[in-house]
Ligand code: FAD
Ligand code: SIN
């Protein structure tokens, strides 16, 4: 199958790129589940954009840089902050309904690390509203072909023409991807002028995550295999306040906007504790809050702390957070009267595939957007609600760049179809599921919120065993989604551990007891 633009992923980044690129050519958009099954759909807080005085670009830039603990790329920060208002306008044009105040202005929320109210939202269901509106636009666009339940296995490069490629090969280019139709188990070869990896994050490498099951790091792993460069994978963000409800997957998020609204963190004995850790208390940057909770839980041998919003006006709470109110009610918690039990959960991957100012990776004709990418915006710790802005800003820049270079791109010939020789139907699923559980346990216990050299070394050794067993299984098995996901999760876990071992300091989200913190932000 040939196409101008192959887009992998149907979240904020993939859908918005597809809509923009469709003005210049044909887009084939593949996604491994239903169209709206993605991290974007679960976003609650909203999207950052400087909108009204007294907020300014300078303040948003400063908040992002402080949160990123000295590791942000200032140019990327300025780019996203300054282009975010246009991204918000695009969303409104596509039909996204952001909440407004009675006088017609955007109703702005505030979250941890923000010095101003600057988060546009649709009550506490912003991501679902964005997905709804963008999917409507994509479905009516005749230049976009959607292939749902199609799983991207591997990117095509000169390797598939029989050449030896490395991360230093000059002129390394992407020609499309092998895509598994998960309904028929057929593998199709999609040849494209431009390929876009917008495959989201990797929360499922941990036991507890706010990410839906599709977030298995496929995009980052397939780019790594294709010899793209990755960075900052050690900076995995844990959200401090996932609802403590053992067994539920994914963990339900209690948005940080609730703390921006006035909710306060408390211990199980009802005492406040965040004043011990940061002057902004419950609204301190996310890494500080998650680490503080983790510390309190470890010294007390407890599994959750409380979020207390009972002192706020009940009707207002229900009005701002209807989704959270209903969810908690469904498990017997009335948030206007009861404490909400919360604990940290893996939430966001601040690292990813290194890209330039146009979202291009080190491989030509390959753009990486959204959570799979590392633009330099987040540094060592992402400021809340900056990721949606980043996804939309960079999708726009990438689409413009690709369209500009359309006439120089071509459809590569000579790529072989997938070779099934020597492989058989998958063996028992238990082989895959058990390895997956072991991987998640290693990552949660050794590569979590607080790390050490010993734990990282141990994780590396244990992972090597899982890697070897899985590669052997993969080499004798017809690809299926579960096995490919496991392989991708192992790759992403490997990159996380390797880059964590290389990071000889405690900074932002990478906190190790072997190196004293450089600074507490
Ligand atoms: P996603 O939206 O995750 O989309 C990835 C897509 O790729 C999915 O469609 C998936 O099915 C597809 N895919 C993956 N692998 C493959 C494959 N192998 N083949 C085919 N398709 C594949 N950020 C904010 O800015 N504000 C918020 O309020 C906010 N709240 C959040 C709340 C929750 C609970 C979570 C989990 C995240 C939140 N985030 C928030 C982070 C933000 O939602 C994500 O970073 C962002 O939506 C990522 O968009 P994306 O397009 O890169 O990826
Ligand atoms: C939240 O609503 O707390 C999540 C916001 C984010 O992850 O950016």
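What follows draws every value from the coordinates through simple rules; no lab data is involved. Note that the coordinates shown come from a computational prediction; the quantities given were computed from them, not determined experimentally. FYI the Cβ positions are ideal-geometry reconstructions off the backbone, even for glycines, and counts take in every protein chain you see.
Per the helix-only calculation at 222 nm, which mean residue ellipticity applies to the chain, given -39500 (n - 2.57) for every DSSP H run of n ≥ 4 and division by its residues, nearest 500 deg cm²/dmol?
-11500 deg cm²/dmol
When only Cα pairs under 8 Å and 6 or more residues apart are kept, what is the percent relative contact order across the chain?
Reported as a whole number, the value is 22 percent.
Hey, with R₀ at 22 Å, roughly what FRET efficiency would residue 149 and residue 418 work out to, going by the Cβ-Cβ distance, to 0.05?
Using R0 = 22 Å, I get an efficiency of 0.80.
Taking neighbour Cβ counts within 10 Å as the exposure measure, how do 312, 233, 274 sort from fewest upward?
By the 10 Å Cβ count, ascending: 312, 274, 233.
Order these by the 10 Å Cβ neighbour count, fewest first: 256, 303.
303, 256
Among 216, 195, 169, 491, which comes first, then next, by fewest other beta-carbon atoms within 10 Å?
If I rank by nearby Cβ atoms, fewest first, I get 169, 491, 216, 195.
Using only Cα atoms, locate the centre of segment 283-312 and the centre of segment 131-182, then give the distance between them in Å, rounded to an integer.
What the calculation gives is 41 Å, centre to centre.
Please report the spacing between the Cα centers of segment 196-271 and segment 51-112 in Å, no decimals.
Result: 21 Å between the Cα centres.
How far, in degrees from 0 to 90, does helix 74-93 lean away from the longest principal axis of the Cα atoms of the chain, to the nearest 10?
90 degrees
Could you give the angle, 0 to 90 degrees to the nearest 10, between helix 286-300's Cα long axis and the longest principal axis of the Cα atoms of the chain?
The helix 286-300 is inclined about 70 degrees to the chain.
Mind pulling the angle between the C-alpha long axis of helix 12-21 and the longest principal axis of the chain? Nearest 10 degrees, somewhere in 0 to 90.
That helix lies at roughly 50 degrees to the long axis.
Applying 1/(1 + (r/R0)^6) with R0 = 25 Å to the Cβ-Cβ distance of residue 441 and residue 34, what FRET efficiency is obtained, to the nearest 0.05?
With a Förster radius of 25 Å, E is 0.30.
Taking every DSSP beta bridge with both residues inside segment 1-133, roughly what % is antiparallel (nearest 5)?
The answer is about 50 percent antiparallel.
If I stretch the segment between residue 59 and residue 101 completely, what's the gain in nm (0.36 nm per residue apart, minus their alpha carbon distance), one decimal?
Length gained, residue 59 through residue 101: 12.8 nm.
Please report the antiparallel percentage of the DSSP beta bridges confined to the chain, to the nearest 5.
Of those bridges, close to 60 percent are antiparallel.
Do you know the relative contact order of segment 262-322, to the nearest whole percent, from alpha carbon pairs under 8 angstrom that are 6+ apart?
42 percent
Hey, with R₀ at 56 Å, roughly what FRET efficiency would residue 454 and residue 411 work out to, going by the Cβ-Cβ distance, to 0.05?
0.65
Can you give me the Cα centroid spacing of segment 324-370 and segment 403-436 in angstrom?
Here the two parts' Cα centres lie 28 Å apart.
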